[in-house]
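Here's the structure, in structure tokens; my notes come after.
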Amino acid sequence: MTGTTLYDKIWNAHMVDEQADGNCLLYIDRHLVHEVTSPQAFEGLRMTSRKVRAPHKVLALADHNIPTTDRTGGVDAIADPESKLQIQTLEKNCAEFGIEYVAMDDIRQGIVHVTGPEQGFTLPGLTIVCGDSHTSTHGAFGALAHGIGTSEVEHVLATQTLIQSKAKNFRINVVGEAPDYITAKDIALAIIGEIGTAGGTGYVLEYAGPAIEALSMEGRMTLCNMSIEAGARAGLVAPDEKTYAFLEGRAKAPKGEDWDEAVAYWRTLVSDADAVFDKEITIDASDLPPLVTWGTSPQDVISIAGAVPNPADIADEARRKSTERALDYMGLKAGTPMQEVAIDRVFIGSCTNSRIEDLRAAAAIAKGKTVASRVSAMVVPGSGLIKQQAEKEGLDKIFIEAGFEWREPGCSMCLAMNADKLAPGERCASTSNRNFEGRQGRGGRTHLVSPEMAAAAAVTGHFTDIRNLKVEG
Amino acid sequence: MQKFNQLTGIAAPLDILNVDTDMIIPKQFLKTIQRSGLGKNLFDEMRYTPEGDEVPDFVLNQSAYRGAEILVAGDNFGCGSSREHAPWALLDFGIRCIISTSYADIFYNNCFKNGILPIVLPQADVDKLMDDAKRGANATVTIDLESQTIQGPDGGTISFEVDAFRKKCLLEGLDDIGLTMKKGAAIDAYENDLAAQPWR
Ligand code: SF4
């Protein structure tokens, strides 16, 4: 018999029922809820007189719609009536169904995928769902975590289970040592560039190898966050000492004997040496340059030292057409060196790159420099606690002195559901995860980069090879 | 949920790769707390100018395709977010079936929960149906879920695969939650065993 993978182990430990046709009922340990994808689910429960089966396994907060400017007026002062209604609806639903709600003025409030791990709500070996595709973030802890639709949110609320068929196993080995300034974001972009946005469809990815072990928990979250951009159902990193060190003492993490027992169990959560993966690739981190996207799909990745691709070089007609369409939308000319592309905006934030380590890295670049006059730049911490920590370290001052805006936590310009958005034609260096057409505002042009690269672009006014900036500066 | 058995309708060609959920329904329309009413904003940024006028070139604005019930689209349809607003918008517009070579996982799931059939076919079959769809309003296509076949305007038949459980749910319009609640005893038993892992 061959060994089992990490994914298989978590899957097997959560199977409540298996139908003859292969569809399984999977037990769900944790459910994160936010304001955008839940109102219709609670409405469905009300209409069918159903209750929430395990309210203590649910944690709710508002992040997508929430203003990132001054909040002293509270929810009532939110200018957009629809945003306000959605947030009030979540508050009401949580009160009605007995679910813990982290309010807007709570220091723990933040992006759901930042707050969950920060509170120790996310633990290894658990199944975690949220009506949000970037739930894959929590896979960094060795939890099976994936996004679900609103009907499934309702299903989990009512039954604490999810109907699932098993995905296939795909291991991505990242070997070598990442050079200076090559971050988890670059590794994520490199993987998506390599396998494509549909490359992970039908799979759960397991990231393994020395370059993954070397990543901090923040870095692993960045990487797993973007698994969905490769089409995967989830991403996983096996838990290790770094995982336990990150979690120990967190508010919702187990304590005392429970902690010891939990860690003993978590240590078993690794893919067996003889486990067989359906697919496997290896990427060498020691070769990677800082990466930037040029198009409207996260797979449109190029080295900062490269140039905008030429559609004429693409043989496949469908790909050529889609490249032409992307360049047209992005307002880019084939052959332009990426470093000559000027930007208008910088966004440092989102569940991909808004954690303390990201802010430290960006601040280190911004320190003593000034945001270019043509650029407006903002920093949006992932949670109230991160904001507080950053302020304790003086990062806010570095950013503000350099000319960045320092905001309240939330999704902000990652998806531009609140007031933070690009104007048509504006070009943005963004640490978020999606560069789709209109993602950051209608007609807005998004280039995905690491926090370091975003800060470098902010202070120079164009995309800049961070490796050179450091040498010069 | 609305049942899906057989559908004869106009197929609209959307010859674009990686149609993402932000294209299908941009985020400014996610602020609703209802499921209905999203059809008018389906593909909003491709369908209307910033001033709110129709973009004449966009397929669903052409008279032949205004009543389309089927979409034929490029690879990896529905990639991006988990927003169920995407299938809600499609359904509200009147789309009951999508044909592509591949879909993003969550979107694919979400379709079945809303009585929409997402059909996966090999590239050659999608190409053929895309060509058929480009012929306009006379090119009606018949989808028969029971026999898992698609009949094109020329009478040719293409078969497709679909998971047996999902098929049954669509054919009978079954409510997943109701089905799962019938397994309440199994869930109870599983939860009883959880005492051994108090941190869960
Ligand atoms: S930060 Fe962006 S990607 Fe993350 S949950 Fe918010 S909107 Fe989604």
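The values are calculated or read from the model by the stated rules, or taken from the named source; none is laboratory data. What you are looking at is a predicted structure, and each value in this text was computed from that prediction instead of being measured. In this analysis, Cβ positions are derived from the backbone assuming ideal geometry, glycine residues included, and neighbour counts consider all displayed protein chains. Keep in mind that these areas ignore ligands, DNA and RNA; they rest on the heavy atoms of the full protein, side chains included. Shrake-Rupley method; radii C 1.70, N 1.55, O 1.52, S 1.80 Å.
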* Is there any pair with a first residue in region B:172-200 that is more than 9 Å from every other protein chain (Cβ to nearest Cβ) and a second that is open to solvent by 70 Å² or more (accessible area, probe 1.4 Å) and basic (Lys, Arg) whose Cβ atoms are under 6 Å apart and which are 6 or more apart or on different chains, and what are they? -> B:GLY173/B:LYS3
* To do: Output the number of the condition that A:LEU236 fails; it satisfies all remaining conditions of (1) more than 14 Å from chain B (Cβ to nearest Cβ); (2) within 29 Å of B:TRP199 (Cα to Cα); (3) open to solvent by 10 Å² or more (accessible area, probe 1.4 Å).
  => (3)
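Give the residues of region A:361-416 that are part of a loop (DSSP other than H, G, I, E, B), away from the ligand (no atom under 16 Å from the Cβ) and farther than 20 Å from A:LEU469 by Cβ, sorted by residue number. I'd like the intermediate steps shown before the answer.
Residues of region A:361-416 part of a loop (DSSP other than H, G, I, E, B): A:367-375, A:380-382, A:393-394, A:403-404, A:407-411, A:415-416.
Narrowing the set further to residues that are away from the ligand (no atom under 16 Å from the Cβ) leaves A:367-375, A:393-394, A:403-404.
Matches in region A:361-416: A:GLU393, A:GLY394.
Return a yes/no flag: does region A:452-470 have any residue that is hydroxyl-bearing (Ser, Thr, Tyr), part of a loop (DSSP other than H, G, I, E, B) and at pLDDT 95 or above. Walk me through it before giving the result.
Going residue by residue through region A:452-470, those that are hydroxyl-bearing (Ser, Thr, Tyr) are A:460, A:464.
Imposing the further condition that a residue be part of a loop (DSSP other than H, G, I, E, B) reduces the set to A:464.
Narrowing further to those that are at pLDDT 95 or above: A:464.
Checking region A:452-470: at least one residue is hydroxyl-bearing (Ser, Thr, Tyr), part of a loop (DSSP other than H, G, I, E, B) and at pLDDT 95 or above.
Could you count how many residues in region A:59-83 are assigned to a helix (DSSP H, G or I) and either open to solvent by less than 50 Å² (accessible area, probe 1.4 Å) or closer than 12 Å to A:VAL33 by Cβ (or both)? Before you say what the answer is, go through the steps one by one.
Filtering region A:59-83 down to residues assigned to a helix (DSSP H, G or I) leaves A:75-77, A:81-83.
With the extra rule that they be either open to solvent by less than 50 Å² (accessible area, probe 1.4 Å) or closer than 12 Å to A:VAL33 by Cβ (or both), the set shrinks to A:75, A:83.
Residues meeting the conditions: 2.
Conditions tested, residue by residue: (1) away from chain B (no Cβ under 11 Å); (2) closer than 24 Å to A:CYS351 by Cα.
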{"residue": "A:MET15", "(1), (2)": "no, no"}
{"residue": "A:PHE42", "(1), (2)": "no, no"}
{"residue": "A:ASP63", "(1), (2)": "yes, yes"}
{"residue": "A:GLU82", "(1), (2)": "no, yes"}
{"residue": "A:GLU91", "(1), (2)": "yes, yes"}
{"residue": "A:GLU96", "(1), (2)": "yes, no"}
{"residue": "A:ILE99", "(1), (2)": "yes, yes"}
* To do: Taking the options A:ARG445, A:ARG434, name whichever one is within 14 Å of another protein chain (Cβ to nearest Cβ) and away from the ligand (no atom under 11 Å from the Cβ).
  => A:ARG445
* Of the numbered conditions (1) over 23 Å from the mean Cα position of the chain (by Cα); (2) of a type outside the set (Ser, Thr, Tyr); (3) open to solvent by 70 Å² or more (accessible area, probe 1.4 Å), A:ALA307 fails exactly one; give the number of that condition. => (3)
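So, of the residues in region A:400-412 that are under 23 Å from the mean Cα position of the chain (by Cα) and in contact (Cβ under 8 Å) with a residue 40 or more places away in the chain, which turns out to be most open to solvent (accessible area, probe 1.4 Å)?
Initial filter on region A:400-412 (under 23 Å from the mean Cα position of the chain (by Cα)): A:404-412.
So of that shortlist, the ones also in contact (Cβ under 8 Å) with a residue 40 or more places away in the chain come out as A:404, A:407-412.
Numbers: A:PHE404: 9, A:ARG407: 28, A:GLU408: 55, A:PRO409: 3, A:GLY410: 0, A:CYS411: 12, A:SER412: 0 Å².
Among those residues, the one meeting the criterion is A:GLU408.
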* Structure fact -> (1) away from every other protein chain (no Cβ under 13 Å); (2) open to solvent by less than 20 Å² (accessible area, probe 1.4 Å); (3) under 27 Å from A:THR37 (Cβ atoms) all hold for A:ASP186 apart from (3)
